[in-house]
Amino acid sequence: QVQPVESGGGLVQAGDSLRLSCAASGRTNVMGWFRQAPGKEREFVAGFRWSGGLTRYADSVKGRFSISREIGKNTVYLQMNSLRPEDTAVYYCAAASQLWIGTRVTDYAYWGQGTQVTVSS
């Protein structure tokens, strides 16, 4: 059983940076970040594959967000720069066993509880 645990959310101003962390117990091949704003569907933000360090990003965050891992720990980070009010959402970390980085909610079997990110204008 894999259990992702997120941390690092908070309230920031537009243009600020924030780093989210996700620690996952158990073995996993892919870890992803999703977000869900009020009244909207959960959407893919970024994904990371442990083998080869492959990454994938949603178009809306390319160039602003980056996903990385901590060597020696089962932890990935989501570095969020140049934050915008439209980035406000609950951010979820998810884990998957397949070797490709999926972008659908159904591609991931294990989910964290989420962490709130609020960006004020």
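The values are calculated or read from the model by the stated rules, or taken from the named source; none is laboratory data. Worth saying up front: this structure is predicted, and the values here are computed from it rather than measured. Virtual Cβ from ideal backbone geometry, glycine too; neighbours counted across all protein chains shown. With ligands, DNA and RNA removed, areas are computed over all heavy atoms of the protein, side chains included. Shrake-Rupley method; radii C 1.70, N 1.55, O 1.52, S 1.80 Å.
Assorted remarks:
- Atom-type composition of the exposed protein surface of the chain places 47 percent of the accessible area on carbon and sulfur (1.4 angstrom probe).
- Burial ranking of peptide ranges 53-63, 75-85, 101-111 (average Cβ count within 10 Å, highest at the top): 75-85, 101-111, 53-63
- In order through the range 72-83: 3J(HN,Hα) via Karplus (6.51 cos²θ - 1.76 cosθ + 1.60), integer Hz, x for Gly, Pro: x, 10, 8, 10, 10, 10, 10, 8, 10, 10, 6, 5
- Size descriptors for the chain, from the alpha-carbon set: Rg then Dmax equal 13.2, 40 Å.
- Net charge of Cβ neighbours under 15 Å - reference Pro38; Lys, Arg +1; Asp, Glu -1: -1
- Annotation: amide H-H contacts under 5 Å for Arg84 (H modelled 1.01 Å from N, sequence separation of 5 or more, or interchain): Gly15.
- Per residue value of the accessible surface for the range 72-116 (all protein chains in place, 1.4 Å probe), Å²: 47
- Considering only Cα atoms, the convex hull volume of the range 17-72 works out to 115 Å³ per residue.
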